[in-house]
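The values are calculated or read from the model by the stated rules, or taken from the named source; none is laboratory data. Model, not experiment: these values are computed from the prediction. Cβ coordinates were reconstructed from backbone atoms using ideal geometry, including for glycine residues, and neighbour counts include every protein chain displayed. The accessibility values were calculated without ligands, DNA or RNA, using every heavy atom of the protein model including side chains. Shrake-Rupley method; radii C 1.70, N 1.55, O 1.52, S 1.80 Å.
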Amino acid sequence: MKHSIDCPVSAAMDLAFHSASYPPSLSPTSTARRPNFNVSNKTFTVRNFSLPSALAYDSELESKKHLLLSSVQDTQRGLLTTPDQRSSIEEALVNVEGRNMGHPINLAKLDGTWRLQYTSAPDVLILLQAAATLPFFQVGQIFQKFECRDQSNGGIIRNVVRWSIPNLLEEQEGATLLVSAKFNVVSVRNIYLQFQEITVQDINISEELQALIAPAILPRSFISLQILQFLRTFKAQIPVRDPGRESVGGLYYLSYLDDNMLLGRAVGGGGVFVFTRAQSLY
C-alpha cells in the first residue's frame, strides 16, 4: 500500500509568499523600499525524500497490528475461538511477523512488562477454562515480565498470573502466581528458558474474610491481627528443579517485537502468544 503527500498548488504558495513578504503597508506597488527577493527564476526540486515512504510503512504496519488485535478482541484471550477465527488470527499474526523477520532480538526493547491478549497454548487455556467453569476460581490479568535491560545474552522472565477465590480473596487480583525462569539467547530470534521456581505471593484477602477473622469491633485480639498480617505477607516458593540436575526448559521463538507489541511462539507446538506493552508491575 503506498500513500502520497500532494504538494500545495503554486497559487497557494504564491499567496503565502506574497503575504509574508509584503504586509499591507508594503504592497508591491508601494514606493517604499522593500526587500529584493529574486527567486522568480529559481526551481526547487526535492529528490529521495524519505518521510513519505517511512510514513507509508508505519501506517501499513500499524494497520496490520490493529487488525491482529481486533481479531483476538472477543476471544477471551483465546479461550473462545472457532476454527475460522483461529485461521484468521494466524493469518493476521503472520502478516505482522513478516515485517520484523530476521531482525536480532533487542534486549533493551524486550525488557519490561507485557500483557497477554491472546494465546493458543494448551497450558494457559486450561487455566482459563478452569476459571470459566469453576465458581470458586477466577483468573485476572496475565503478564510476561522480562528483566534484561543491561544484559547482552539473556536475563530473567517471569510469567505473572493474577488469580482469586471469590469471597475469600479480592476480586480478580486476590493473589499472584509467579513462574520464574532464566533465559539465554540461542539464535537470532530464539531464547531458551530454564524454569527456576513457582511463587505464590501478594495475597489480598477480601473484606468478608477480614471481618470473619478480625471483626470490626474493638478490642481486636492480638491473634486475629497476627493472622491477618500473616496472610497479607504470605509467600510460598516452590523450586521446579532438583539440585544437581538441569532444570526443565523450553525454546521460545520471539517472532515480532517493537515498542508496544510482542509476539511469540513456543517451539514444538506449544502455541502462540500475543502481548501488548503494560505498565511495570514491580
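The distance between label points at E60 and Q141 comes to 3.4 nm (points 7 Å beyond Cα on the Cα→Cβ vector).
Solvent-free Debye calculation, one equal scatterer per alpha-carbon of the range 108-208: log10 I(q)/I(0) at 0.11, 0.20 Å⁻¹ equals -0.40, -1.04. A simple spin-label model places the labels of N100 and I238 3.2 nm from each other, with each point 7 Å out along Cα-to-Cβ. Accessible area per residue was computed with a 1.4 Å probe on protein heavy atoms; M261 scores about 0 Å².
For the pair E208 and S87, what calculated FRET efficiency results from E = 1/(1 + (r/R0)^6), where r is the Cβ-Cβ distance and R0 = 51 Å, to the nearest 0.05? Write down the numbers at each step before the final one.
Details: r = 45 Å, r/R0 = 0.88.
After rounding, the FRET efficiency stands at 0.70.
Here the convex hull built on the C-alpha positions of the range 124-168 has a volume of 74 cubic angstrom per residue.
Distance check, please: which entries in K109/K182; K64/K145; K145/K182; K145/K235 exceed 21 angstrom between their Cα atoms?
Working: K109/K182 18 Å; K64/K145 25 Å; K145/K182 12 Å; K145/K235 19 Å.
Too far apart for the 21 Å limit: K64/K145.
Ranked by the mean number of other Cβ atoms within 10 Å of their residues, highest first, the peptides 170-183, 84-97 come out as 170-183, 84-97. In the complete set of protein chains, residue-level accessible area for S70 is approximately 50 Å², probe 1.4 angstrom. Ranking H103, H66 by solvent-accessible area of protein heavy atoms (1.4 Å probe, all protein chains present), from largest to smallest, gives H66, H103. Taking Cα centre as origin and charging only the Cβ of basic (Lys, Arg, +1) and acidic (Asp, Glu, -1) residues, the dipole magnitude of the range 66-186 rounds to 300 debye.
Of the whole protein surface, D202 contributes about 60 Å² of accessible area at a 1.4 Å probe radius.
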